[in-house]
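Following: one structure in structure tokens, then a few remarks.
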Amino acid sequence: MNDPYSVLGVSPDASDEDIKKAYRELARKYHPDNYHDNPLADLAQEKMKEINEAYDLIMRMRSGGSGAGSGGARSGSYGPGAGGGGTGSFAEVRAAISMGDLNRAEAILRSITNRNAEWHFLMGSLCYRKGWFDEARRYYQTAVNMDPNNLEYRQALNYMNMGGYNAYRPAGYGTHGGLTSCDICSSLLCADCCCECMGGDLIPCC
Amino acid sequence: MFGYVRPLKCELKVREYEQFKTAYCGLCNTLRKRYGFFSRFLLNYDFTFLAMLLSSGEASCEFEHRRCIASPFRKKCLCRPNPSFELCADLSLILFYWKLRDTLKDEGFWERLKARAVLLILGPSFKKARRNAPDFDERVCRNLGELQALEENGSPSIDETSDKFALILAAVSEKAESEAKKRVLYQILYHIGRQVYILDAVDDLERDMKKGSYNAVARRFDIKDGKLSEEDKKELKITLSHSAGMAASAFELLEQGMWTSILANIIYLGIPRITSEVLAGTWNKKQKY
């Protein structure tokens with residue numbers, strides 16, 4: 001493994017506080033949420049692993065090798081692509097998309113004649129992975145129109161409509177534009193739907 | 001290309017600004033050295049970005065001081081030609097060559113005459129550039145051909161059309177040394193190319209409507225009067241900002257080097273600023289930044 005200090009971009013005589021800060025910044029940068037449905041998710045995951053190992057190693061070395069764990073937040077295992085179940089060939093499409101085999105996913109989807117909400121949702125996921133965001137959004141929209149109660153479809157559409165504003169930005173490169181009140185409302189509504197699914201409620205009036 | 005990919009100057013540090021100029025002048029000098037005097041008119045910000053991106057992992061580069069036609073008295077500091085800069089010089093010529101060939105096919109008499117003149121003057125340089133990067137030449141020819149076919153059929157999809165253009169830029173990633181870097185560069189270049197194509201279509205909307213020529217954005221939103229509605233702009237903003245996000249997340253996976261902070265400025269500030277200006281209709285292609 002490389003020098004753990006250079007992995008975190010700090011000098012070997014940096015204070016614990018500085019190291020923690022550098023670690024947090026990097027962990028924020030390579031967090032799986034920033035690479036959701038991203039073809040480079042595996043590279044980010046590798047980077048994350050490297051950072052975690054470097055941080056753990058430094059902390060161990062500094063505490064005299066007693067094996068102190070890291071204090072930073074950890075992410076669980078992460079797999080890109082459309083999650084959830086599906087039926088028959090739709091499950092195959094989901095598998096192909098999450099494997100990154102977009103040609104196969106497209107071939108299966110094109111051969112399906114029953115174009116229901118899930119078909120549109122998966123077409124959306126496929127387009128998203130290809131970077132065809134305009135069509136992705138329209139497919140998600142159709143999926144939601146056809147099956148307004150499906151949480152997965154609505155989440156995908158909502159993510160699309162957020163326009164990537166939740167993405168990571170390094171310090172000093174502030175957002176231009178940023179969240180509008182409308183985005184916040186739709187996120188709250190979405191959160192409310194999630195709560196209701198699980199039996200709870202976030203916004204009592206709806 | 002179009003000059004959309006440039007830093008937001010007011011947010012650059014003085015050091016970064018000076019360094020950016022060494023890349024800009026360096027590419028100009030590389031063009032001159034490789035392809036003669038006239039080729040330096042092809043210099044633009046997009047290819048300067050590409051040159052910096054391709055040398056992104058390098059910790060330093062060789063500089064030299066020299067006078068040039070734009071600065072005949074004071075010597076300027078610039079990057080010495082290196083393989084990344086030379087590749088960008090090749091690409092500038094090849095892309096411009098095929099653009100001229102396009103002009104010969106479907107523009108008016110005077111435009112065609114101008115294109116012919118340029119083809120005549122730069123003929124030998126074009127030939128040399130196409131010989132230097134034959135795989136890229138073939139790629140540009142094929143993709144622009146496919147793009148033209150889509151345009152002739154009046155494709156209503158901005159994704160499908162911008163894809164053809166974005167793939168041209170993305171092809172440059174094949175020059176990277178490692179598999180991982182290839183994938184990262186591919187994503188950055190694809191999504192920047194996609195943004196450039198869409199922005200250019202928005203920018204040319206009125207002109208294309210007047211001339212009655214194909215415009216991907218006009219077809220997508222079914223525009224008749226050359227004006228985008230607020231709703232259309234919102235949709236364009238969403239699709240463009242997803243591409244910006246994809247390019248940025250890929251950029252963060254690149255090895256850091258001497259150009260990293262300038263590239264970050266372009267990706268996080270420069271392109272978003274120009275995107276909002278183009279969508280608001282306040283962008284002027286000719287403006288110096």
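Please give the calculated 222 nm ellipticity per residue for chain B, where each DSSP H segment of at least 4 residues contributes -39500 (n - 2.57) and the sum is spread over every residue; nearest 500 deg cm²/dmol?
Helix contribution divided over all residues of chain B: -21500 deg cm²/dmol.
Using heavy atoms of the protein chains and a probe of 1.4 Å, the accessible area assigned to B:His65 is about 120 Å².
Counting only protein chains, not ligands or nucleic acids, how are A:Tyr173, A:Tyr128 ordered by accessible area (probe 1.4 Å), most first?
On the way: A:Tyr173 40, A:Tyr128 10 Å².
Putting A:Tyr173, A:Tyr128 in descending order of accessible area: A:Tyr173, A:Tyr128.
Given the convex hull of the Cα atoms of the protein assembly as shown, what is a quarter of its surface area in nm²? Working shown, then result.
Details: hull surface 110.2 nm².
Taking the Cα atoms of the protein assembly as shown, their convex hull projects to 27.5 nm² on average.
Shielding of peptide A:43-52 by partners, expressed as the average count of other chain Cβ atoms within 10 Å per residue Cβ, is 2.
What FRET efficiency, computed as 1/(1 + (r/R0)^6) with R0 = 56 Å and r the Cβ-Cβ distance, is obtained for A:Glu25 and B:Lys99, rounded to the nearest 0.05? All intermediate terms of the calculation are to be shown ahead of the outcome.
Numbers: r = 42 Å, r/R0 = 0.75.
Taking R0 as 56 Å, the efficiency between A:Glu25 and B:Lys99 is 0.85.
Computed from label points 7 Å out along Cα-Cβ, the spacing between A:Asn2 and B:Lys128 is 3.9 nm. Peptides B:252-260, B:148-156, A:119-127 ranked from most to least packed give A:119-127, B:252-260, B:148-156, packing being the mean of other C-beta atoms within 10 angstrom over each peptide's residues. Placing a label point 7 Å from the Cα of B:Asp222 along the Cα-to-Cβ direction, the residues of segment A:113-140 with a backbone N closer than 20 Å are A:134-140.
Would you kindly work out the equivalent ellipsoid of chain B from its C-alpha gyration tensor and give its semi-axes, the square roots of five times the eigenvalues, largest first in whole Å? Intermediate values should be presented prior to the final figure.
Working: eigenvalues 170, 110, 70 Å².
Here the semi-axes work out to 29, 23, 19 Å.
Taking A:Lys49, A:Lys20 and ordering them by how much accessible surface each has at a 1.4 Å probe, largest first, produces A:Lys49, A:Lys20. Working note: Karplus 6.51/-1.76/1.60 with θ = phi - 60° gives segment B:66-74 the couplings 7, 8, 8, 5, 7, 9, x, 9, 8 Hz, where Gly and Pro are set to x. Averaged over peptide B:158-168, the number of partner chain Cβ atoms lying within 10 Å of each residue's Cβ comes to 2.
For segment B:21-173, evaluate the Debye formula with one uniform point scatterer on each Cα (no solvent term) and list log10 I(q)/I(0) at q = 0.12, 0.15 Å⁻¹, rounded to two decimals. Summing over Cα pairs of segment B:21-173 leads to -0.57, -0.85.
The values are calculated or read from the model by the stated rules, or taken from the named source; none is laboratory data. Quantities reported herein were computed from a predicted structural model and do not represent experimental measurements. Virtual Cβ from ideal backbone geometry, glycine too; neighbours counted across all protein chains shown. Remember, those area values only see protein heavy atoms, side chains included, never the ligands or the DNA or RNA. Shrake-Rupley method; radii C 1.70, N 1.55, O 1.52, S 1.80 Å.
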